[in-house]
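Take a look at the structure set out below.
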Amino acid sequence: QNAESLLQSYNPRAVLERGYAIALAADGSVLTDAANATQGDKVRVQLAKGALDTQVESTHEAPK
């Protein structure tokens, strides 16, 4: 039961239910770095319930 609970906590759908989102580039790849997107790029944001089609206005470096 412990292992099942741990596996469920890593389920991508469970992560989305906690308020996180997955950003996808136009080619469907997952965006993990803002440096991989440029102004004007189209990005799909996958939410727990549905998705948003968006366009990048600007990017920001990760804090160091």
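Couple of notes before you dig in:
- Residue match in region 37-49 (condition: touching a His at 6+ places or on another chain (Cβ under 8 Å), free of Cβ contacts under 8 Å to residues at least 60 places away in the same chain and open to solvent by less than 80 Å² (accessible area, probe 1.4 Å)): no
- Candidates GLN8, GLN39, GLN1, GLN55: the one that is of a type in the set (S, T, N, Q) and within 16 Å of the chain's Cα centre (by Cα) is GLN55.
- Hey, VAL15 surrounded by 10 or more Cβ atoms within 10 Å (Cβ to Cβ) and modelled with pLDDT of 95 or more or not: no
- Residue pairs whose Cβ atoms lie under 8 Å apart, separated by 6 or more positions or on different chains, with the first residue in region 1-30 and under 23 Å from ASP41 (Cα atoms) and the second part of a helix (DSSP H, G or I) and open to solvent by 50 Å² or more (accessible area, probe 1.4 Å), are ILE22/PRO12; ALA25/ASN36.
The values are calculated or read from the model by the stated rules, or taken from the named source; none is laboratory data. This is a predicted model, so every value here is computed, not measured. Backbone-built Cβ (ideal geometry, glycine too); neighbour counts: all protein chains shown. Surface accessibility is based on the protein's heavy atoms, side chains included, excluding ligands, DNA and RNA. Shrake-Rupley method; radii C 1.70, N 1.55, O 1.52, S 1.80 Å.
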